[in-house]
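*Asks:* Structure in structure tokens, see below.
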Amino acid sequence: MNPYLLSVILGVVEGLTEFLPVSSTAHLRIAEFLLGINLGDGYWKMYSIVIQLGAILCLPIYFRSRIHRFISTFPHGESGDRTALNHPLTLTMIAFVVTALPAFLLTRIIGKHLESLHIMGAALLIGGVAMWAVDALFGNPAPGASAFRQIHTRHVEEMTLAQAIWIGACQILSAVFPGTSRSMSTIAAGQVAHMSREAALEFSFFLSIPTMIAATAYDLFRTLHPKHGAPNPLGGMHIDAQGWALLAIGFLVSFFVAWAVVAWFMHWVRRHGFTPFAIYRIFVGVAVLLWIAR
């Protein structure tokens, strides 16, 4: 395959799946198998980090006005009813911290064998079923619904400390089990905590900024400093003009596709639920497991 076309395809896959609740890790691994490339190779390892960075950077730019408003109203909030402990900026960082340390320790203990297609296929399937059930129960409750199903938080500005801790804890699943999807775990956790679809989705985006920056930085550090004296996959690697061009293409494609996905997804959720994504996850999970079995 033409390397430039390959770079475009991988950039599109990353941009499309990074913020949708379908797992970008699983889709990149599937693309790796289908396209016959090795994302563990030194150059392609660097490439995967670069295109993920492209997707990450679209968020602070897309939400720049919201982020500026949060910063300018810290710590009391727009309505004056927030404190330094429950302001959206603080809650985002608390949820990040709740995720970061346990996820780091667990991934070091469990090891890389969880990055297999068997695990990803199962995570896609189980996560799809869970997401479908959560959205059916909590997504759009009827006016007379029981207190168990009612929405208590319609905007991120109304979130509580307990909700942030709960969402951060649930995000650990996506760090430990690739294929679970970071956005799926945070969105579903928010809905279970009686947040509206819009609030759960927006907080998922905000939380992904520090989470993905930290994860990408750690991934780059781990690549540059392998364990136990293992060879550095980037060591001595020479990138020619074509290699730099492929990196630039993948970065830009991922950035603009992710931007379009975030804008579309925010609009979609205001009118629809997450059920189509749950069905897609179930279909892809079953397909991956059948593919491996055969």
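*Asks:* What is the sum of charges around residue 48, taking Lys and Arg as +1, Asp and Glu as -1, for the other residues whose C-beta is under 12 Å from the C-beta of residue 48?
*Replies:* Around residue 48, the charge tally is -3.
*Asks:* Out of 76, 267, 238, any idea which swings most in a Gaussian network model of the chain, alpha carbons joined below 10 Å?
*Replies:* It is 238.
*Asks:* Oh, and also: Return a whole-number percent for the relative contact order of the chain, with Cα pairs under 8 Å and 6 or more residues apart as the contact set.
*Replies:* RCO, the chain: 36 percent.
*Asks:* How far apart, in nm, are two points set 7 Å out from the Cα along the Cα-to-Cβ line at residue 118 and at residue 105?
*Replies:* 2.8
*Asks:* Compute a Gaussian network model of the chain, connecting alpha carbons closer than 10 Å, and tell me which residue from 84, 142, 122 fluctuates the most.
*Replies:* Evaluated over the chain, the most mobile residue of the options is 142.
*Asks:* Quick one: helix 182-192 against the long Cα principal axis of the chain, what's the angle to the nearest 10°, folded into 0 to 90?
*Replies:* 20
*Asks:* Using a 10 angstrom cutoff on alpha carbons, build the Gaussian network for the chain and name the most mobile of 166, 264, 44.
*Replies:* Largest GNM mean-square fluctuation: 264.
*Asks:* Local charge sum around residue 86 (other residues, Cβ-Cβ under 15 Å, Lys/Arg +1, Asp/Glu -1)?
*Replies:* Computed value for this residue: -3.
*Asks:* For a protection proxy built on the mean count of beta-carbon atoms within 10 angstrom, sort 170-183, 192-205 highest first, please.
*Replies:* Descending mean neighbour count gives 170-183, 192-205.
*Asks:* If you roll a 1.4 angstrom probe over the protein chains with everything in place, what fraction of the accessible area of the chain belongs to carbon and sulfur, to the nearest %?
*Replies:* 69
*Asks:* With 10 Å bins from zero, work out the P(r) of the stretch 113-202 over every alpha carbon pair and list the percent per bin.
*Replies:* All Cα pairs, binned at 10 Å, distribute as 18, 45, 27, 9, 1 percent.
*Asks:* Between helix 3-17 and the chain, what is the angle of the helix's C-alpha long axis to the longest principal axis, kept within 0 to 90° and rounded to the nearest 10?
*Replies:* Approximately 20 degrees, to the nearest 10.
*Asks:* Which value in nm describes the separation of the simple spin-label points at residue 142 and residue 241, placed 7 Å from the Cα toward the beta carbon?
*Replies:* Taking the two extended label points, one gets 6.8 nm.
*Asks:* Moving to a separate point now. Kindly sort 65, 254 by accessible area of their heavy atoms, largest first, with the probe set to 1.4 Å.
*Replies:* Listed by decreasing accessible area, they come as 65, 254.
*Asks:* Let me ask something else. If you take every residue apart from residue 38 with its C-beta less than 12 Å away from the C-beta of residue 38, what net charge results, scoring Lys and Arg +1 and Asp and Glu -1?
*Replies:* Numbers: positive: 29, 45; negative: 32, 41.
Counting the neighbours of residue 38, the net charge comes to 0.
*Asks:* Something else now. Which value, in debye to the nearest 20, gives the size of the charge dipole of the chain about its Cα centre, when Lys and Arg are +1 and Asp and Glu are -1 at the Cβ?
*Replies:* 260
*Asks:* For the stretch 1-86, what is the accessible area per residue in Å² when the probe is 1.4 Å?
*Replies:* Normalised by residue count, the accessible surface of the stretch 1-86 is 46 Å².
*Asks:* Summing -39500 (n - 2.57) over the DSSP H runs of n ≥ 4 in the chain and dividing by its residue number, what mean residue ellipticity at 222 nm do you reach, to the nearest 500 deg cm²/dmol?
*Replies:* Here the helix-only value at 222 nm equals -23500 deg cm²/dmol.
*Asks:* A follow-up question, please. At 1.4 Å probe size, put 66, 149, 294 in order of accessible surface, largest to smallest.
*Replies:* So, going from the largest accessible area down, we get 294, 149, 66.
The values are calculated or read from the model by the stated rules, or taken from the named source; none is laboratory data. Small disclaimer: the values here were computed from a predicted structure and weren't measured. Reconstructed Cβ throughout: ideal geometry from the backbone, glycine too, with neighbour counts over all protein chains shown. Remember, those area values only see protein heavy atoms, side chains included, never the ligands or the DNA or RNA. Shrake-Rupley method; radii C 1.70, N 1.55, O 1.52, S 1.80 Å.
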